[in-house]
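Data first, discussion second: the structure below is written as structure tokens.
The values are calculated or read from the model by the stated rules, or taken from the named source; none is laboratory data. Please read these numbers as outputs of a predicted model, since none were measured by experiment. We place every Cβ from the backbone using ideal geometry, glycine too, and count neighbours over all the protein chains shown. The accessibility values were calculated without ligands, DNA or RNA, using every heavy atom of the protein model including side chains. Shrake-Rupley method; radii C 1.70, N 1.55, O 1.52, S 1.80 Å.
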Amino acid sequence: MLIRISAFLGVLGLMAFGEVLIPRRHLTTSKARRWVANLSIVVIDAAAVRLLFTAGAVGASMLAAERHWGVLNHLSWPNWLELVLAVVALDLVLYLQHVMFHAVPLLWRVHMMHHADLDCDVTTGLRFHPVEVVLSMLIKVSAIAVLGPSPQAVLSFEVLLNATAMFNHSNVRLPATMDRCLRWIVVTPDMHRIHHSILPRETNTNFGFNLPWWDRLLGTYRLQPNDGHERMTLGLTQFRDPARLTLTGMLLLPFTGRPGDYPLSHDR
């Protein structure tokens, strides 16, 4: 817990400072209001996971090791190799899960709270509906039972995922050369921001949170947005009123909002 909280606060503070120092885009809505709502969601999500999954993903990996569940618990490979394989495999699961939440209209209803943010900054990477967080944990625990990664590997993946999600959602300007190089090893802010475009054909690209390889390999990679990063519009067409995107409004969004044309089954 100490490792995860320290990494969370460290990356959050670093990206927030970068957004002030070298912002990529001008914000269109009140940052203070968005931060209060988005960070409140984090607290609710953490409470929901703690209530329903007492030991979390790391606890699931400990149980898998104790009961010899999963492929890796039946192999005698070097620890470092198992750790790398586990992190890469879990990242692929996360990519496929993300695509699924865009492909299935019912799951999209839950996921669209994340996309309804009218700006994209470090807190957007933390803004997920509690129902989505619970479903994501169920998928993750199931993957851990099948894969059998060590607790160290799962902890590494959790910390890395949390850090990269805040990094690639941040409103930080990276030099073009640095962005081109980093895109081969990690999802960058410019790469992921396209995923938050108001245009469905751009929203349904660049699904990766951590590793950029799956988008390239599976045909969902997009290099740049049509309108450029400064001029592109973020969010969803059906949610343009900031007054609706309060904490209560966001929690009710899956049940009261229209899905629009964003599910992959409707992509045009």
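Worth pointing out:
- Think of the chain as having a plus end and a minus end, set by charges on the Cβ of Lys, Arg, Asp and Glu; of Ile22, Pro175, Val186, Ile22 sits farthest toward the positive end of this dipole.
- The stretch 209-242 and the stretch 153-173: distance between their alpha carbon centers, rounded to Å: 18 Å
- Cα-based shape type of the stretch 93-216, given that a ≥ b ≥ c are square roots of the gyration tensor eigenvalues and the cut on a/c is 1.5: oblate
- Cα gyration tensor, the stretch 144-268 - rounded (a/c under 1.5), prolate or oblate: oblate
- Computed magnitude of the charge dipole of the stretch 55-196 (debye, nearest 20; Cβ of K, R +1, Cβ of D, E -1): 140 debye
- Heavy-atom accessible surface of the stretch 1-141: percent carbon and sulfur, 1.4 Å: 75 percent
- For the stretch 247-257, backbone phi angles converted through the Karplus equation (6.51, -1.76, 1.60; θ = phi - 60°) give residue-by-residue couplings of 4, 5, x, 5, 5, 8, 3, x, 9, 10, x Hz, Gly and Pro being listed as x.
- Spatially, the stretch 1-53 and the stretch 176-194 are offset by 21 Å when compared through their Cα centroids.
- Over the chain, the fraction of Cα-Cα pairs per 10 Å bin, rounded to whole percents and listed from the shortest bin up, is 7, 30, 37, 21, 5, 0.
- Charging the Cβ of each Asp and Glu at -1 and of each Lys and Arg at +1, and nothing else, the dipole of the chain about its Cα centre rounds to 400 debye.
- Per-residue SASA entry for Trp184, accessible area with 1.4 Å probe, Å² rounded to 10: 150 Å²
- Neighbour-limited loop hits for trypsin sites (Lys or Arg not before Pro), the stretch 18-114 (at most 15 other Cβ within 10 Å; DSSP other than H, G, I, E, B): Arg67
- Evaluated with a Cβ-only charge set (Lys, Arg +1; Asp, Glu -1), the stretch 135-268 carries a dipole of roughly 100 debye about its Cα centre, given to the nearest 20.
- Here the peptides 38-47, 4-13 are ranked by packing, the mean other Cβ count within 10 Å, and the order with the highest first is 38-47, 4-13.
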